[in-house]
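S.K.: Below are the structure tokens for one structure; questions will follow.
Since every read-out is calculated from the coordinates, none of them should be taken as a lab result. All of these numbers come straight from a predicted model, not from anything done at the bench. Please note: Cβ atoms are built from the backbone with ideal geometry, for glycine as well, and neighbour counts cover all protein chains shown.
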Amino acid sequence: MALVILFAWSFAAATILPLASEVPLAMVIRQSGQWHVPVAVATIGNVLGACTTYWLAKAATAAVPSGSARVRQVATRLASYGPPVLLLSWVPIIGDVLVALAGAAAVPFVTFVVWVSLGKLGRYIAVALAVASTS
């Protein structure tokens with residue numbers, strides 16, 4: 001049951017809801033005594049939550065005329081930094097904006113998933129190692 005809650009919490013934390021998923025992850029790691037499965041569950045939930053934000057932004061942008069100056073501005077801004085900036089998708093507030101911008105700029109979905117997954121996995125591994133080192 002703890003893993004289901006961790007998944008749901010991690011999913012919600014990757015949307016615009018003001019939640020942090022590190023504390024539930026740390027609790028599950030301490031409770032279970034291992035970190036591999038909890039890190040995988042939190043990462044998958046968090047990435048899927050980010051995908052939801054990506055698709056919502058992409059759909060909202062599709063409702064705007066394709067010649068919109070705002071859409072072009074967003075696409076240009078994200079392109080100037082490149083998809084690796086999505087490694088920062090885990091950072092509070094900034095990460096949600098980056099994910100939405102990626103959807104609005106129509107970053108290829110596979111590219112989006114790869115970079116977001118790497119960023120979120122890296123963060124969760126760091127949290128897991130910190131928790132494990134204090135146990």
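S.K.: How would you rank 21-31, 108-118, highest first, on the average number of other Cβ atoms within 10 Å across their residues? Present the calculation step by step, with values, prior to reporting the outcome.
M.R.: Values: 21-31: 18.6, 108-118: 16.7.
Answer by packing, highest mean first, reads 21-31, 108-118.
S.K.: Using only DSSP helix segments of four residues or longer, with each worth -39500 (n - 2.57), what per-residue ellipticity at 222 nm results for the chain after dividing by its residue count and rounding to 500? Kindly include the intermediate steps, with their values, before the conclusion.
M.R.: Numbers: 6 runs with 99 residues, N = 135.
It lands at -24500 deg cm²/dmol.
S.K.: For the stretch 123-134, what does the Karplus curve 6.51 cos²θ - 1.76 cosθ + 1.60, with θ = phi - 60°, yield as ³J(HN,Hα) per residue in whole Hz, taken in order and with x for Gly and Pro?
M.R.: In residue order, the calculated couplings are 5, 5, 5, 4, 4, 4, 5, 5, 5, 5, 6, 9 Hz.
S.K.: Would you mind putting 40-48, 80-88, 10-18, 52-60 in packing order, based on average other-beta-carbon counts within 10 Å, highest first?
M.R.: Numbers: 40-48: 21.6, 80-88: 15.6, 10-18: 18.7, 52-60: 17.1.
Per-residue mean Cβ counts within 10 Å order the peptides as 40-48, 10-18, 52-60, 80-88.
S.K.: Express the relative contact order of the chain as a whole percentage, based on alpha carbon pairs under 8 Å and six or more residues apart in sequence. Don't jump to the answer; show the numbers that get you there.
M.R.: Values: 178 pairs, mean separation 40.9, N = 135.
Once divided by the residue count of the chain, the mean separation gives 30 percent.
S.K.: Determine, from the Cβ-Cβ distance of V64 and V114 and an R0 of 22 Å, the FRET efficiency 1/(1 + (r/R0)^6), rounded to the nearest 0.05. Before the final figure, lay out each step's value.
M.R.: On the way: r = 27 Å, r/R0 = 1.21.
The calculated FRET efficiency here is 0.25.
S.K.: What are the semi-axes of the equivalent ellipsoid for the stretch 4-135, taken as the square roots of 5 times the Cα gyration tensor eigenvalues, largest first, in whole Å?
M.R.: Values: eigenvalues 191, 36, 21 Å².
One finds semi-axes of 31, 13, 10 Å for the stretch 4-135.
S.K.: Across the stretch 77-83, in residue order, what do the Karplus-derived ³J(HN,Hα) couplings come to in whole Hz, using 6.51 cos²θ - 1.76 cosθ + 1.60 with θ = phi - 60° and x for Gly and Pro?
M.R.: Result, ordered by residue: 5, 5, 5, 5, 8, x, x Hz.
S.K.: How many nm separate the modelled label positions at L19 and I5, each set 7 Å beyond the Cα in the direction of the Cβ?
M.R.: Going from the L19 label point to the I5 one covers 1.2 nm.
S.K.: Under a point-charge model restricted to the Cβ atoms of Lys and Arg (+1) and Asp and Glu (-1), what is the dipole moment magnitude of the chain relative to its Cα centre, in debye to the nearest 20?
M.R.: Details: 7 positive and 2 negative charges, 53 e Å.
Using Cβ point charges on Lys, Arg, Asp and Glu, the chain gives about 260 debye.
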